[in-house]
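One structure is given below, encoded as structure tokens.
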Amino acid sequence: ALSTPIDNREAGIAELATMLRAFLLCLLVHQSFGLYTSSSPVVILYDSNFKSKVSADAGVWLVEFYAPWCGHCKNLVPAWEESAKALTGIVNVAAVDATEAESLASQFGVRGFPTIFIFGADKDKPKKYEGARTASDITSAALKAATETVKERLHGKKKPESKSDSGDQKASSENNVVELTADNFEEEVLNSDGPWLVEFFAPWCGHCKNLAPEWEKAATELAGNVKLGAVDATVHDSLASDYGVRGYPTIKFFPPGEKAEPIEYDGGRTSDGIVEWSLNKLDDYGVGPQVVEATSEEIMKDSCYSKKICVVSVMPHLIDTGAAGRDAYINTIQAVAKKLRTRPMAFVWIPSGVQTSFEETFGIDFNYPAMVAISEAKLRYARHRGAFSQEALSSFLGDVWSGRQKTIAFNTLPKFKDAEPWDGGDYVYPDEDEE
């Protein structure tokens, strides 16, 4: 039978409706799953399922926080899915659309995309992944985290206990958070020359309890740079009122020097976010990391060995460099320290020929200036061999931190003898004896 114009029109409408339904379905899928579809090996996480999927799970999770419009996130998709497929049954690989799960992204201090965290045995303290965005590097980091988790279980290491139900955040001998009260606030904070980051909390506040371990970790990492304190605002309500506290936690930054007007903290609530924000503030106030001259055993212990990695530079004799040359080397170290300041490293320097026991222990062979990175906890060290430039030193210490740099074992830390500090001037030759 011949088709009529009406039949043709109805067929066209039906075809258009089918195409429209297909378009809407694609749109729905895109909105529901962002960069990853339901058939992807990547687990899709939301505010609603994060706790049951990640926090309650004993396994290791790699979680990417992304934004659908982010170009770098789109470029990461193939490597992320390849990693998820390769790690199936070993490590969970997941993704969170941070534009949809805003509160979840805020909880972990996500400020850029993509941000990747590794959730190991302690789900309250994820580690930020900062390696290359290739499947090879991602899977290597995942397997390393899984191996660490297994070793912790074999050695009976337990997950750190959370704060008690009372939410007590008072300082103890095991952390660097200072307990602040109405009685000591002026003396500790307002009358000090150094910078402070102060949290006003309530014991019943859930967000405050979640922040507590991050606050303690940040206090440890910022030791020597920024002091962190905590005020129970339900007890010291007048103090909280003086600073306009209306919700919990409220965090105020009291800058170095004059403390008349504190600054509202607006950074993330992970230790990494707190540390990064604080150090950026120090930049704003022209306060950088310190590179001190180690003239005694006490200085070495307090200023260097207390960190995970103690970086010691051995300077040439003043006869060889003069004051200007030595200052130039110290400025180079200062620039490296600033670049790597988010790492738990401390930087000191010593003049050559003074701490001979130190030089012998760590293989300093008269090739000055020299640099060694020391781990007191592991009794291992690495020596830099190359140019004493900001780029070369930063690369060396980056490799030390990532584990790419070969290290050498040593038995015990050498003793430091007391020495006179450098006065900042050129070498003064002794007077010749009169004939």
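The values are calculated or read from the model by the stated rules, or taken from the named source; none is laboratory data. Small disclaimer: the values here were computed from a predicted structure and weren't measured. Quick reminder, even Gly has a Cβ in these numbers, built from the backbone with ideal geometry, and neighbours come from all protein chains shown. Heads up: the accessible areas ignore ligands, DNA and RNA and are worked out on the full protein's heavy atoms, side chains in. Shrake-Rupley method; radii C 1.70, N 1.55, O 1.52, S 1.80 Å.
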Taking Phe358, is it open to solvent by less than 40 Å² (accessible area, probe 1.4 Å) and free of Cβ contacts under 8 Å to residues at least 60 places away in the same chain? yes
Give me the pairs: first residue in the range 333-355 and farther than 25 Å from Gly322 by Cβ, second residue β-branched (Val, Ile, Thr) and in a strand (DSSP E or B), beta-carbon distance under 6 Å, and six or more apart or on different chains, which are they? Met345/Ile309; Met345/Val311
Here are Glu64, Glu102: which of them is free of Cβ contacts under 8 Å to residues at least 12 places away in the same chain and within 22 Å of the chain's Cα centre (by Cα)? Glu102
Which listed residue, of Arg380, Arg385, is touching a strand residue (DSSP E or B) at 6+ places or on another chain (Cβ under 7 Å) and more than 19 Å from Ala294 (Cβ to Cβ): Arg380
Single residue of the range 245-281 satisfying the filter (open to solvent by 40 Å² or more (accessible area, probe 1.4 Å), of a type in the set (Lys, Arg) and touching a residue at least 24 places away in the same chain (Cβ under 8 Å)) that is nearest to Ala223 (Cα to Cα): Lys281
So, Ser313, is that one open to solvent by 40 Å² or more (accessible area, probe 1.4 Å), farther than 14 Å from Leu413 by Cβ and either modelled with pLDDT of 95 or more or over 23 Å from the mean Cα position of the chain (by Cα) (or both) or not? no
Out of the range 30-83, which residues are under 29 Å from Glu148 (Cα atoms), open to solvent by less than 50 Å² (accessible area, probe 1.4 Å) and among the aliphatic types (A, V, I, L, M)? Val42, Val43, Ile44, Leu45, Val54, Val60, Leu62, Val63, Leu76, Val77, Ala79
Taking the range 356-371 only, how many residues are under 19 Å from Thr321 (Cβ atoms) and outside any helix (DSSP H, G or I)? 8
Residue check, Arg343 surrounded by fewer than 20 Cβ atoms within 10 Å (Cβ to Cβ), in contact with a Phe, Trp or Tyr (Cβ under 9 Å, 6 or more places away or on another chain) and in a loop (DSSP other than H, G, I, E, B): yes
Within the range 190-198, is even one residue open to solvent by less than 30 Å² (accessible area, probe 1.4 Å) and of a type in the set (S, T, N, Q)? yes
Filter result for Ser140 (modelled with pLDDT of 90 or more and open to solvent by 20 Å² or more (accessible area, probe 1.4 Å)): yes
Unmet requirement for His207, which otherwise passes all of (1) out of contact with any helix residue (DSSP H, G or I) (no Cβ under 9 Å at 6 or more places or on another chain); (2) open to solvent by 70 Å² or more (accessible area, probe 1.4 Å): (1)
Filter the range 235-244 down to residues that are within 20 Å of Asn184 (Cβ to Cβ) and in a loop (DSSP other than H, G, I, E, B) and give me whichever is most open to solvent (accessible area, probe 1.4 Å). Val235
Please count how many residues of the range 84-133 are on the phi > 0 side of the Ramachandran plot and either open to solvent by less than 70 Å² (accessible area, probe 1.4 Å) or of a type in the set (Val, Ile, Thr) (or both). 1
Return yes when Lys301 is free of Cβ contacts under 8 Å to residues at least 12 places away in the same chain, surrounded by 15 or more Cβ atoms within 10 Å (Cβ to Cβ) and of a type in the set (D, E, K, R) and no when it is not. yes
Restricting to the range 368-418, and then to whatever is loosely packed, with under 15 Cβ neighbours inside 10 Å and among the aliphatic types (A, V, I, L, M), can you tell me which residue is modelled with the lowest pLDDT? Ala377
Pairs needed: first member in the range 367-396, closer than 17 Å to Trp349 by Cα and touching a residue at least 12 places away in the same chain (Cβ under 8 Å); second member anywhere, among the hydroxyl-bearing types (Ser, Thr, Tyr) and part of a loop (DSSP other than H, G, I, E, B); C-beta distance under 7 Å; at least 6 residues apart or different chains. Tyr368/Ser352; Tyr381/Thr407; Ala382/Thr407
